[in-house]
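Report on the following structure.
The values are calculated or read from the model by the stated rules, or taken from the named source; none is laboratory data. Owing to the predicted nature of the structure, the values given are computational and were not obtained by experimental measurement. Cβ coordinates were reconstructed from backbone atoms using ideal geometry, including for glycine residues, and neighbour counts include every protein chain displayed.
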Amino acid sequence: MTSSPIRTAVFPVAGLGTRFLPATKASPKEMLVVVDKPLIQYAVEEAHASGIENFIFVTSQGKTAIEDHFDVNHALEQVLEQRGKTSELAILRESQLAPGRSAFVRQQVPLGLGHAVWCARHLIGNQPFALILADDLVLADKPCLAQMMEAYQEVGGNVVAVMDVAAEHVNRYGILDIAQDNGPYVKAKGVVEKPSPGEAPSRTAIVGRYILQPEIFKILDQQQKGKGGEIQLTDSFPKLIAQAPFHGMRFIGQRFDCGLKEGWLEANLAFAYARPHLREHLLKSIEKYCK
Ligand code: G1P
C-alpha cells in the first residue's frame, strides 16, 4: 500500500496540568523537565527524527513559554558566543525550530482533545498528519513515531501506537476493539474511550502517538461531546474506521506517563540511566538516598 508521506505533526499543549501544581501554576506542564529537557522538546525531537517538517502547537493562555522555547534567543546566543561556550551554544540551537516551520493556534475553551485537534484543521488542510501527546514520553532506540511511519507505509490509513495494559488500567486509555491481531499490528473494528474493566473490548490501549487521515475533521466538525462532557478524539475513530483501515502498532520502547508524578519520576530515572555520564552518579545516589 502506498501512502502519502506525513510531514506535519500536531502537538496539543493547551491542558492545565493540575496534577503537577504548583509546578504548573505559571509554567506550562509541557515545559516540565526530564533530566535537562522539557517534555515538549522530546516530542518535537521525536517528530523531527521521524521525518516531520512542520510543527503545529495547539496552545491556550499561559503557554507562551513554549513558543519562546523553540524561538531564537539572540541575547543568550550573543553572551554564549562572547564567552566561547560553543557546546552550550550548540545545545541552545538544537531547541530552535526552522524559520516558518512552526505554527501556534489557540484552543480558546478547554473542550477536550478532539476539539484541540480540530482547532488545527485549517493549518493541516487535506493531508494526513501525526499527532503527539508530549505527556507520553517514549524511550526507544528507534523513535516511536518513526516506527509508526514504517507501519504506515505498510498498512496505510490510520495508525496509532498501542501497548497492552493491566485490566485495572483500561479506564485510563482509549481501548481498541480488535478485528485482527497479528502481533506487531492490530487491526481495529472499534475504539472505546476509557471503558471500565468490565466494558473494555480488549486490554490494548492507545498511547499518545497517532497518524490520522484528514477525514477526521469532518467527523470532529459535529462537535459531539462524549466522556466527561468533552469532545473526545477517540469518539471520532469508529466513523474513521468505517472509511479507511485503522491499525494499532505495538511499538518497541518504554513509555512513561509524565502526566502523573510517578511516571515522570520513572522517566527521570530511565532517561538519566540512558546517559552514560550520569549513570554512575544516578546509581550511587539511589544507593545513598533510597534505603
Ligand atoms: C488521551 C486519550 C486516550 C489515550 C491517552 C494516551 O487521554 O483520550 O484515548 O489513550 O491520551 O495517553 P488523556 O491521557 O489525555 O486523558
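A search for C-beta distances below 8 Å between a residue of the stretch 163-177 that is farther than 22 Å from residue 241 by Cα and any residue that is within 10 Å of the ligand (Cβ to nearest atom) and among the acidic types (Asp, Glu), counting only pairs 6+ apart in sequence or on different chains, returns nothing.
Does residue 246 satisfy being closer than 20 Å to residue 152 by Cβ, in contact with a strand residue (DSSP E or B) (Cβ under 6 Å, 6 or more places away or on another chain) and more than 11 Å from the ligand (Cβ to nearest atom)? Spell out how you get there, then give the answer.
On the way: closer than 20 Å to residue 152 by Cβ: yes; in contact with a strand residue (DSSP E or B) (Cβ under 6 Å, 6 or more places away or on another chain): yes; more than 11 Å from the ligand (Cβ to nearest atom): yes.
So residue 246 passes the test.
Out of 241, 231, 211, 216, which single residue is within 15 Å of the ligand (Cβ to nearest atom) and in contact with a Ser or Thr (Cβ under 8 Å, 6 or more places away or on another chain)? Break it down into steps so the answer makes sense when it comes.
Working: 241 fails: in contact with a Ser or Thr (Cβ under 8 Å, 6 or more places away or on another chain); 231 fails: in contact with a Ser or Thr (Cβ under 8 Å, 6 or more places away or on another chain); 211 fails: in contact with a Ser or Thr (Cβ under 8 Å, 6 or more places away or on another chain).
Only one candidate qualifies: 216.
Pairing each residue of the stretch 30-41 that is under 16 Å from residue 274 (Cα atoms) with any residue that is among the polar types (S, T, N, Q), provided the two are 6+ apart or on different chains, yields C-beta distances under 9 Å for 33/268; 34/268; 35/268; 37/95. Only one of the numbered conditions (1) under 21 Å from the mean Cα position of the chain (by Cα); (2) assigned to a loop (DSSP other than H, G, I, E, B) is violated by residue 262, and that is (2).
Residue count for the stretch 128-156 satisfying the condition of being acidic (Asp, Glu) and closer than 16 Å to residue 37 by Cβ: 2.
Could you say which residue among 49, 65, 103, 23 is modelled with pLDDT under 95 and at negative phi?
Numbers: 49 fails: modelled with pLDDT under 95; 65 fails: modelled with pLDDT under 95; 103 fails: modelled with pLDDT under 95.
After ruling out the rest, the residue left standing is 23.
Only one entry of 48, 74 meets the criterion of being of a type outside the set (Gly, Ala, Ser) and exposed (fewer than 13 other Cβ atoms within 10 Å of the Cβ), and that entry is 74. Can residue 22 be described as more than 13 Å from the chain's Cα centre (by Cα) and of a type outside the set (Ser, Thr, Tyr)? So residue 22 fits the description; yes. Kindly check whether there is at least one residue in the stretch 229-243 that is touching a Pro at 6+ places or on another chain (Cβ under 9 Å), modelled with pLDDT under 95 and surrounded by 14 or more Cβ atoms within 10 Å (Cβ to Cβ). Yes, the stretch 229-243 contains at least one residue that is touching a Pro at 6+ places or on another chain (Cβ under 9 Å), modelled with pLDDT under 95 and surrounded by 14 or more Cβ atoms within 10 Å (Cβ to Cβ). Can you confirm whether residue 286 is surrounded by fewer than 14 Cβ atoms within 10 Å (Cβ to Cβ) and among the β-branched types (Val, Ile, Thr)? When the stated conditions are applied, residue 286 passes them. If we scan the stretch 180-187, do we find a residue that is free of Cβ contacts under 8 Å to residues at least 40 places away in the same chain, within 16 Å of the ligand (Cβ to nearest atom), within 15 Å of residue 247 (Cα to Cα) and not small (Gly, Ala, Ser)? No, every residue in the stretch 180-187 fails to be free of Cβ contacts under 8 Å to residues at least 40 places away in the same chain, within 16 Å of the ligand (Cβ to nearest atom), within 15 Å of residue 247 (Cα to Cα) and not small (Gly, Ala, Ser).
Mind listing just one residue for me: the one in the stretch 142-165 that is surrounded by fewer than 23 Cβ atoms within 10 Å (Cβ to Cβ) and among the β-branched types (Val, Ile, Thr) and, of those, farthest from residue 117 (Cα to Cα)?
Step one: list which residues in the stretch 142-165 are surrounded by fewer than 23 Cβ atoms within 10 Å (Cβ to Cβ), which gives 142-143, 146, 148-151, 153-157, 163-165.
Subset that is among the β-branched types (Val, Ile, Thr): 155, 165.
Working: 155: 23, 165: 25 Å.
If we take residues in the stretch 142-165 being surrounded by fewer than 23 Cβ atoms within 10 Å (Cβ to Cβ) and among the β-branched types (Val, Ile, Thr), then 165 is farthest from residue 117 (Cα to Cα).
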